[in-house]
Every structure is written in structure tokens, then in C-alpha cells.
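A quick write-up on the structure given underneath.
The values are calculated or read from the model by the stated rules, or taken from the named source; none is laboratory data. On a predicted model such as this, the values are computed, not experimentally measured, just so you know. Here the Cβ is made from the backbone with ideal geometry for all residues, glycine too, and neighbour counts use every protein chain on show.
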Amino acid sequence: MKIKKITLGEVNIPLVTPFKTALRSVDSVNDIVVCVEADNGMVGFGEAPPTAVITGDTKGSIVTAIRDFIAPSLIGMDIENIDGIMKKLHSCILKNTSAKAAVDMAIYDLYAKHLEQPLYKVLGGNTNEVETDLTISVNDIPEMVQDSLRAVNEGFRILKVKVGKEGLKDVERIKAIREAVGPDIVIRVDANQGWNAKDAVRIIRAMEDAGLNIDLVEQPVNAHDFKGMQMVTASVATPILADESVFSAEDAIRMIQERAADLINIKLMKTGGIYEALKICSIAEIYSVECMIGCMLESKIAVSAAAHLATAKGIITRADLDGPSLCKIDPYEGGPIYEGPRIIMPDAPGIGITKVPAQFS
């Protein structure tokens, strides 16, 4: 079975509420979707969000990378030659990790369909279900408290709270949320690179002194401030999760060996897809460092691909895969079942998505 053609489309899905972080504010999911078709008519789907402030990828760059570089390199290759395909994918153009991720997941979708197995079983088959957190966007404290209570009422037991804009006021945000939701809800804090190292230490220690019982703090300082990450990790008791600091397996090795983080956040849009994410999983297993799997502002295709990886690998102990829960509608057919915080893997082969609301060309 050979790759016959690779075509592109676009989806635009409104969000329930605007998604706000220290880096940006967005009110819809507007992503590029990919269809990889084999010579027997079988298809695989992938997706890439344009997240310029994190990956550097825009819609234009994703389309150009796939149409002009990736597709010509892969067409005609045998779908069973995963290693060869992925080497071509990652060598035909530098960076452009979101474009690579979209094609990568479509290839894996197609490959698992060829094997007539759900993708999570092909990748490792550790379990068939994962629990995700829900993101609470950074806003005024009363609105964040209201959003947190709504999430808990919808069954979410883990909240990922966006901060990073107003220094020590972030402690007030987390304190108000903790008081509102009670002691049993897991709270994760995501600064999205919003603090410097000294402020991060002061803020996290203040949260610790207040007994707020934070599960982890994600990317407290700038992605390139490696010394700052080391300083924060060494100076606080709360586990530190590296997100934007880790795009590659090489980044993961450095962060782990030099103790610049306690945990690693894997995102397919940073790694360039499942193939490279599996390398990070193997590295983490060697060092016994637990991983979270996260997502950008993605819809059901990309989040489902990440969920398959999350359920395949035991080293992935946390999930931040709430993209579909943030969308007003689910325009897709098939795929994992999203029941509040529970993501349940399908028995259908591949990722499980059977219909995508886009015109491919």
C-alpha cells in the first residue's frame, strides 16, 4: 500500500469562551487538516494549528511546507515503511513542526488502519482510557473562580489554571480558586513563560506557604532561559514541568540530565508528531521521569492522536487534552469518546475519525 496523494483543507470551530494565556487570546479553532490517501483508497487524517507564538508556524507556512516539501517527498512510499517515511518527513525541511505533526499523525492513522488496529494498540496499548484536565483561562479572579466551579460541576477533577501576567496577584488567583473548589480538586498552574526566574521562585514559594497544594507549575520562565529553569526547579518543592523548553528528544535529554525540570510536557506540534514523541517517551522511561501529554488549541483530530499516544505509553501519567471540550461543537464523526474529563479510545482502526468537515484539495 503506497501513498498516492496528500491534500489539505481547513476547519473553523468556535470556542465556548475565549482562550486566554499570558501569550495570546483566541476565540476559535482555525486549523489546517490533512488527508493522506493510499493507492487502495484508504485515507488517514491529521491536523495542525497555526501557533506562531510557540512553534513559529502560521497557516501559510503549514500549507507551503506540506504542499511544496513534505508531500513531494512522501508520495509513492510504502505505508509500512514507517521509519523511512519519517526520516524523509523530518529531513525534507527544517523546523515546521506543526506541518510535520499533521502529516505524521495522518500517516500513523493510515498505518494502523492498514493493520486493522486502533492506533493506541499499535503504539503500545497500555490502557484504553485517559483523564484530562480542563484549562481555566487567565481573567479577573471572579471570572476564573466561576469558570473553575463550572468545570468541577461538569465532572472535571483536574484544573489547569493559566497565570503569568500579574506577578504575585497570580497567588491570589490560585488561592481564590482553591477556596472555591475545595481540597480534593487537582490544580496545575501554567505560567506560559510569563515570569522571570526570581519572580517564579517568589510566587511558587508563596503558593507553597499558603498551602495551596499545587500539582505542578508549567513553564514558569522563558523557554530559552535554561539557567532560569534550573534555578526555579532547584529552589521550590513544587514539581516543575518543562513545556516550550522541550521540542525535541535532545531538549528532553538536556532538561533531564541537567535537572532543569522535574517533568516533561510532550506536544505533537512541538515534536513534529508521534514518531519523535515516542523518542521522548523512551528517554523519559530510561530516566524514570514522568511525562504529561498536552495540546495546543487543537480540535478532535490532533487531540485524538495525542490521546492514542497517552493511552499507549505508561510513562505518560498526566494529560492536558481538553481541546474538544473547549469547542462549542464537534463537527467530526468517529474517534475517541469524550465524556467530560474521560477520553475513551475507540475499537475502530487508526485514530478512529471517519469524517472531517473540510474540502480537501
Extreme residue, modelled with the lowest pLDDT, among residues of the stretch 151-172 that are assigned to a loop (DSSP other than H, G, I, E, B) and surrounded by fewer than 19 Cβ atoms within 10 Å (Cβ to Cβ): Lys165
Single residue of Ile351, Ile337 found to be at pLDDT 95 or above and either surrounded by fewer than 20 Cβ atoms within 10 Å (Cβ to Cβ) or on the phi > 0 side of the Ramachandran plot (or both): Ile337
Selected residue (only one of Asn12, Asn40, Asn81 is surrounded by fewer than 16 Cβ atoms within 10 Å (Cβ to Cβ) and closer than 20 Å to Pro331 by Cβ): Asn12
Check on Ile54, surrounded by 17 or more Cβ atoms within 10 Å (Cβ to Cβ) and either over 13 Å from Asn96 (Cα atoms) or modelled with pLDDT of 95 or more (or both): no
Filter result for Asp184 (crowded, with 19+ Cβ neighbours inside 10 Å, charged (D, E, K, R), modelled with pLDDT of 95 or more and touching a Lys or Arg at 6+ places or on another chain (Cβ under 9 Å)): no
Residue match in the stretch 104-116 (condition: in contact with a strand residue (DSSP E or B) (Cβ under 8 Å, 6 or more places away or on another chain), crowded, with 17+ Cβ neighbours inside 10 Å, of a type in the set (Gly, Ala, Ser) and not assigned by TED's automatic domain parsing to the domain that holds Val303): yes
Residue pairs meeting the criteria (Cβ under 6 Å; at least 6 apart or on separate chains; first more than 30 Å from Pro14 (Cβ to Cβ) and part of a loop (DSSP other than H, G, I, E, B), in the stretch 285-298; second at pLDDT 95 or above and not acidic (Asp, Glu)): Val289/Ile256; Glu290/Leu263; Glu290/Thr317
Positions within the stretch 37-75 being within 20 Å of Leu110 (Cα to Cα) and within 23 Å of the chain's Cα centre (by Cα), in sequence order: Gly44, Phe45, Gly46, Glu47, Ala48, Ile66, Ile70
Some residue of the stretch 142-149 being modelled with pLDDT of 95 or more and loosely packed, with under 13 Cβ neighbours inside 10 Å: yes
Residues of the stretch 16-51 satisfying the condition of being basic (Lys, Arg) and either assigned by TED's automatic domain parsing to the domain that holds Ala223 or not in a strand (DSSP E or B) (or both): Arg24
